[in-house]
1. Report whether or not A43 is in contact (Cβ under 8 Å) with a residue 12 or more places away in the chain, touching a Gly at 6+ places or on another chain (Cβ under 7 Å) and hydrophobic (A, V, I, L, M, F, W, C).
2. Can you find even one residue in the stretch 53-62 that is of a type in the set (D, E, K, R) and under 10 Å from the mean Cα position of the chain (by Cα)?
3. Looking only at the stretch 14-31, which residues are of a type outside the set (S, T, Y) and under 15 Å from E69 (Cα atoms)?
4. Which ones in the stretch 1-57 are aliphatic (A, V, I, L, M), surrounded by 15 or more Cβ atoms within 10 Å (Cβ to Cβ) and assigned to a loop (DSSP other than H, G, I, E, B)?
5. Where residues in the stretch 1-32 are over 10 Å from the mean Cα position of the chain (by Cα) and among the basic types (K, R), which of them is farthest from T59 (Cα to Cα)?
6. Are there any pairs with C-beta distances below 9 angstrom linking a residue in the stretch 52-73 that is at pLDDT below 90 to a residue that is exposed (fewer than 15 other Cβ atoms within 10 Å of the Cβ) and of a type in the set (F, W, Y), with the two at least 6 apart or on different chains, and if so which?
Amino acid sequence: MQHNQRIDCLASAAVPRGLTAALYLARFRLTVQVVDRGAGRTASIPLTRNYPDFPDGITGRDLVQRIGEIAGS
């Protein structure tokens, strides 16, 4: 991204909510920048069953990685 490029939205964390927001905003052709300090607490979740596409659960680290892959494409 160019330093002088206009950004419509800044997501302040690469956690599920920030990445999901970035994903949906990008689908509406808005320019989104995600900034993050690191893995955060989500990556330390051993297993969550709160996401419909993962009936057997998913680790926090895998969840962040998968959403990030989708948002980055």
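The values are calculated or read from the model by the stated rules, or taken from the named source; none is laboratory data. Being a predicted model, the structure only gives us computed values, none of them experimental. Heads up, the Cβs are rebuilt from the backbone with ideal geometry, glycines too, and the neighbour counts pull from every protein chain shown.
1. Working: in contact (Cβ under 8 Å) with a residue 12 or more places away in the chain: yes; touching a Gly at 6+ places or on another chain (Cβ under 7 Å): yes; hydrophobic (A, V, I, L, M, F, W, C): yes.
So A43 passes the test.
2. No, the stretch 53-62 contains no residue that is of a type in the set (D, E, K, R) and under 10 Å from the mean Cα position of the chain (by Cα).
3. A14, V15, P16, R17, G18, L19, A21, A22, L23, A26, R27
4. A13, A14, V15, I45
5. R6
6. Final answer for the pair search is L63/Y51.
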